[in-house]
Amino acid sequence: MRKILLGAMVAFGVYACSSPKTENTEETASTPEATEAVAEAVKPRVFFKSPTDGATVSSPVFVEMGVEGMQIEPAGQVKEGFGHHHILINQEFWPKGEVIPSSDSTIHFGKGQTDTQLELAPGDYTISLQFADGVHTSYGPEMATSIKITVK
């Protein structure tokens with residue numbers, strides 16, 4: 001009797017281990033809380049890919065700009081989650097909702113560019129990256145960052 005019981009248990013164990021796995025048919029619902037958690041995980045931000053903070057560089061300075069959580073689009077239309085870069089040289093960030101003017105120290109990248117060469121005289125600089133919508137309205141300090149560089 002023991003041999004039969006042991007044989008049955010071994011056979012069942014082999015069957016259980018070799019049977020095909022079934023798909024989980026339970027649906028996962030997307031709740032507002034789950035969607036918000038994903039949005040928090042990818043909090044929108046801008047950043048400098050190059051140069052790095054504290055770098056000593058020579059002119060022209062190659063600048064590469066990045067963005068996460070939003071998409072780059074040329075100036076023109078205003079669409080939520082889209083915009084383009086602006087570089088501010090030795091300036092503070094623009095408040096959210098204000099239009100960023102163009103000047104020698106405020107450079108617009110309205111064609112959707114993500115890199116540039118800056119002609120800068122030797123010295124110390126604070127270079128800021130500011131993201132704005134299709135009509136250059138600032139997304140505020142939440143979508144801005146700064147680095148310090150020295151041009152030799």
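The values are calculated or read from the model by the stated rules, or taken from the named source; none is laboratory data. The structure presented is a predicted model; accordingly, all values stated were derived computationally and were not measured. Here Cβ is always computed from backbone atoms with ideal geometry, including for glycine, and neighbour counts include all displayed protein chains.
Listed values, structure above:
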| read-out | value |
| --- | --- |
| Search result, residues across segment 117-136 that are of a type in the set (Val, Ile, Thr) and under 19 Å from the mean Cα position of the chain (by Cα) | ILE127 |
| Residues located in segment 21-63, provided they are at pLDDT below 55 and part of a loop (DSSP other than H, G, I, E, B) | LYS21, THR22, GLU23, ASN24, THR25, GLU26, GLU27, THR28, ALA29, SER30 |
| Filter result for ALA16 (modelled with pLDDT under 95 and either outside any loop (DSSP other than H, G, I, E, B) or closer than 27 Å to ILE127 by Cα (or both)) | yes |
| Identity of the residue in segment 64-107, of a type in the set (Gly, Ala, Ser) and in a strand (DSSP E or B), that ends up surrounded by the fewest Cβ atoms within 10 Å (Cβ to Cβ) | SER103 |
| Tally, over segment 108-152, of residues that are surrounded by fewer than 16 Cβ atoms within 10 Å (Cβ to Cβ), within 23 Å of ILE72 (Cβ to Cβ) and not polar (S, T, N, Q) | 6 |
